[in-house]
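Beneath this line is the structure, given in structure tokens, with notes to follow.
Derivation of every value follows stated rules applied to the coordinates shown; laboratory data play no part. Small disclaimer: the values here were computed from a predicted structure and weren't measured. So basically every Cβ, Gly included, is an ideal-geometry build from the backbone, and we count neighbours across all protein chains shown.
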Amino acid sequence: MYPRKVLVTRIRDGKEAEEVLERLRRLINRTWERRAEIEPSYKTRAKLTALSIYKLLPKTNCGRCGEPTCMAFALKLVGEETTIRRCVPLWEGYEEQRKRLLDLLSEAGYEG
């Protein structure tokens, strides 16, 4: 979002674009109405990269997430086209990696 424009990607057609813009309009208006209740956060969000995610994945390339490789999964995760919950091996073990990855995603503002 910019002062005089909003950029949205991965829109399939005009109808979806109108729906997305309407949701954004409602969110902006609700935020404006509640502005006195909202405490600003000046914390900078962590920059998330596919490589930083990939380093913490199990690297099994099992395909259970629906992607052919863990790197492909990491790219989809950065693009918010999938969720970390789709990485089955991560939930069957890899506790330390899972915790670090969830922390990284949380710091970057991603929702699981």
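In the stretch 72-93, what residues are outside any helix (DSSP H, G or I) and farther than 19 Å from THR9 by Cβ?
As a first pass, look at the stretch 72-93 and keep what is outside any helix (DSSP H, G or I): 79-83, 87, 92-93.
Matches in the stretch 72-93: CYS87, GLU92, GLY93.
Sort through GLU67, GLU96, GLU16 and tell me the only one that's surrounded by 10 or more Cβ atoms within 10 Å (Cβ to Cβ), among the acidic types (Asp, Glu), without any contact (Cβ under 8 Å) to a residue 40 or more places away in the chain and not in a loop (DSSP other than H, G, I, E, B).
Details: GLU67 fails: not in a loop (DSSP other than H, G, I, E, B); GLU96 fails: surrounded by 10 or more Cβ atoms within 10 Å (Cβ to Cβ).
The conditions single out GLU16.
Select from the stretch 2-13 the residues that are in a loop (DSSP other than H, G, I, E, B) and more than 16 Å from the chain's Cα centre (by Cα) and list them in ascending order.
PRO3, ARG4, VAL6, LEU7, ILE11, ARG12, ASP13
For every residue, the table says whether it meets (1) surrounded by 13 or more Cβ atoms within 10 Å (Cβ to Cβ); (2) in a loop (DSSP other than H, G, I, E, B); (3) touching a Cys at 6+ places or on another chain (Cβ under 6 Å).
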position: VAL20; (1), (2), (3): yes, no, no
position: ARG23; (1), (2), (3): no, no, no
position: LEU27; (1), (2), (3): no, no, no
position: ARG30; (1), (2), (3): no, no, no
position: ARG35; (1), (2), (3): no, yes, no
position: ILE38; (1), (2), (3): no, yes, no
position: LEU51; (1), (2), (3): no, no, no
position: PRO58; (1), (2), (3): yes, yes, no
position: CYS62; (1), (2), (3): yes, yes, no
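Going by the structure shown, is VAL6 surrounded by 11 or more Cβ atoms within 10 Å (Cβ to Cβ) and in contact (Cβ under 8 Å) with a residue 24 or more places away in the chain?
On the way: surrounded by 11 or more Cβ atoms within 10 Å (Cβ to Cβ): yes; in contact (Cβ under 8 Å) with a residue 24 or more places away in the chain: no.
Answer is no for this residue.
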